[in-house]
Amino acid sequence: MDISIIVPLYNEEQNVFPFTQAVVDVLDGLNKSYEVIFVDDGSTDGTFMNLCEVAQKIPSVKVVSFKRNYGQTSAMAAGFNYSSGGIVIPMDGDLQNDPRDIPRLLAKLEEGYDVVSGWRKDRKDRTFSRIFPSTIANKVISLISGVHLHDYGCTLKAYRRNVIEDVRLYGEMHRFIPIYAVWHGASVAEIEVEHHPRRFGKSKYGFERTVKVILDLMVIKFLGQYVQKPIYVFGGLGILSIIGGFLSGLWALYLKFFRHTSLIQTPLPLIFVLLIVLGFNAILMGLLAEICIRIYYESQNKPTYLVRETRNFG
Ligand code: UDP
Ligand code: MG
């Protein structure tokens, strides 16, 4: 199998037929073997029925149906797991992404990249509740991750299979796959893609998603960079806190003995106690985290590194 298209769908009954038509038209023109995997994310309308109808007519259309709504990220993860293409391309099934961008993504991938990310430069969504918060979120994500893309939230991206093979997806994290990939040595390119306004059905998201995305970013930053040594984060903060506490205590003593300021006249003793307690707690939490990490890796015999290739090992 050359190409797997992954399409998460939640209550998109009116989009199923026009989307399938559009995507199959493009793929048939490529002379490559492909599959289109629809993941019905617990839809309560006729989405699944329509998908079955399509699957009966077109054998390269495959359908996975969830028992309930798990969210777009889980739907994409299921699609990845069921797919077998050497190149995996997720896209929205609401016709906001344009299947006609697929050949351009593939061409860019062929230049030698592992990931090609779509950028909805001219995005057709509500400005205030969607585009504005997402612009800020994208800037923050770029800054924190050190991976510079304009549009993490765009579902339409192309991945080489090995990139997604060992990624586990939680929460809103599908948008962070390119970051994860770069951190593990992959090369990422970005191209502009079309974006259309929604014609059928309605958007499942609003402003609140930005908050989730920022929280997820903290998780991925922590897991990605410190998961093997959590004590460096917890312990580092703990030691800083203890040093701050001691300075504050010393200052309080200085004021008492050399400036005749009583201990109860400043907040310094309070800060001393607070920072010392906080510091020791942070260090102890770091030790707990170290134990968790050892359980995580050793119980599954997981190596703490990823190998690209080997030679002469048979
Ligand atoms: N989607 C999904 N599960 C959900 C929410 C959305 O599978 O819980 C799908 C949805 O059907 C669509 C894609 O994810 O194909 C993007 O969703 P939507 O168009 O609502 O997001 P927006 O384009 O407004 O960001
Ligand atoms: Mg949409």
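For Lys121, the residues 5 or more places off, or on other chains, whose built amide H falls under 5 Å of its own are Val193.
To the nearest ten degrees, helix 230-258 and the longest principal axis of the Cα atoms of the chain are 30 degrees apart. Solvent-free Debye calculation, one equal scatterer per alpha-carbon of the stretch 191-286: log10 I(q)/I(0) at 0.11, 0.18, 0.21 Å⁻¹ equals -0.60, -0.90, -1.01. Full extension of the segment from Asp125 to Gln265, taken as 0.36 nm per residue of separation minus the current Cα-Cα distance, would add 44.8 nm.
Give the lysines whose C-alpha is closer than 22 Å to that of Lys221, dropping any in the same chain fewer than 8 places away, or say none. The reachable lysines, counting only those whose Cα sits under 22 Å from Lys221, are Lys139, Lys157, Lys212, Lys229, Lys302. Each residue of the stretch 96-110 was assigned a 3J(HN,Hα) from its phi angle through the Karplus expression (A = 6.51, B = -1.76, C = 1.60, θ = phi - 60°), giving 7, 7, 10, x, 5, 7, 4, x, 5, 4, 5, 4, 5, 4, 5 Hz with x at Gly and Pro. By accessible area, using a 1.4 Å probe on protein heavy atoms only, the chain has 61% of its surface on carbon and sulfur.
Computed over the chain, the per-residue total of -39500 (n - 2.57) for DSSP H runs of n ≥ 4 gives a 222 nm mean residue ellipticity of -16000 deg cm²/dmol, rounded to 500. Most fluctuating residue of Phe258, Phe246, Phe132 in a GNM of the chain with Cα springs under 10 Å: which is it? Ranking Phe258, Phe246, Phe132 by mean-square fluctuation puts Phe258 first. Computed from backbone phi, the HN-Hα couplings of the stretch 32-49 come to 10, 7, 8, 9, 10, 9, 8, 10, 7, 7, x, 4, 10, 9, x, 4, 5, 4 Hz, rounded to whole numbers (Karplus: 6.51 cos²θ - 1.76 cosθ + 1.60, θ = phi - 60°; Gly and Pro given as x). Rank Pro99, Tyr205, Val16 by how far each Cα sits towards the positive end of the charge dipole of the chain (+1 on Lys, Arg Cβ; -1 on Asp, Glu Cβ) and give me just the farthest. Most positive-ward Cα: Tyr205. Straightening the chain between Leu30 and Cys292 buys 89.5 nm, computed as 0.36 nm per residue apart minus the Cα-Cα spacing.
Would you mind counting up the charge near Tyr10? Only other residues with Cβ under 9 Å from its Cβ, with Lys and Arg at +1 and Asp and Glu at -1. Combined, the nearby Lys, Arg, Asp and Glu give -2.
Once the Cα-Cα distance is subtracted from the 0.36 nm per residue extended length, the Ile239 to Trp251 segment shows a gain of 2.5 nm.
Axis of helix 72-82 versus longest Cα principal axis of the chain: the two differ by about 60°, to the nearest ten degrees.
Here's how it looks for Glu190: its modeled amide H is under 5 Å from those of Ser117, which are all 5 or more places away or on a different chain.
For the modelled label position 7 Å from the Cα of Gln300 along Cα-to-Cβ, which residues of the stretch 175-194 have backbone nitrogen atoms closer than 20 Å? Zone members listed by number: 175-186. A 1.4 Å probe over all protein chains sorts Lys221, Lys157, Lys32, Lys202 by accessible area into Lys202, Lys32, Lys221, Lys157, starting with the largest. Here the 3J(HN,Hα) profile of the stretch 127-135, calculated from phi with Karplus coefficients 6.51, -1.76 and 1.60 at θ = phi - 60°, is 5, 6, 8, 10, 5, 4, x, 5, 4 Hz, Gly and Pro shown as x.
Within straight cross-link reach of Lys67, meaning Cα distance under 19 Å, which lysines are found once same-chain residues fewer than 8 apart are removed? Cross-link targets: Lys204. For the chain, a crude dipole built from +1 on the beta carbon of Lys and Arg and -1 on the beta carbon of Asp and Glu, taken about the Cα centre, is about 1080 debye to the nearest 20. Quick check: the angle from helix 268-299's long axis to the longest principal axis of the chain, C-alpha only, nearest 10 degrees? Tilt of helix 268-299: around 40 degrees.
The values are calculated or read from the model by the stated rules, or taken from the named source; none is laboratory data. Computed from a predicted structure; not experimentally measured. Cβ: placed from backbone, ideal geometry, glycine included. Neighbour counts: every protein chain shown. SASA here: full protein model, heavy atoms, side chains in, ligands and nucleic acids out. Shrake-Rupley method; radii C 1.70, N 1.55, O 1.52, S 1.80 Å.
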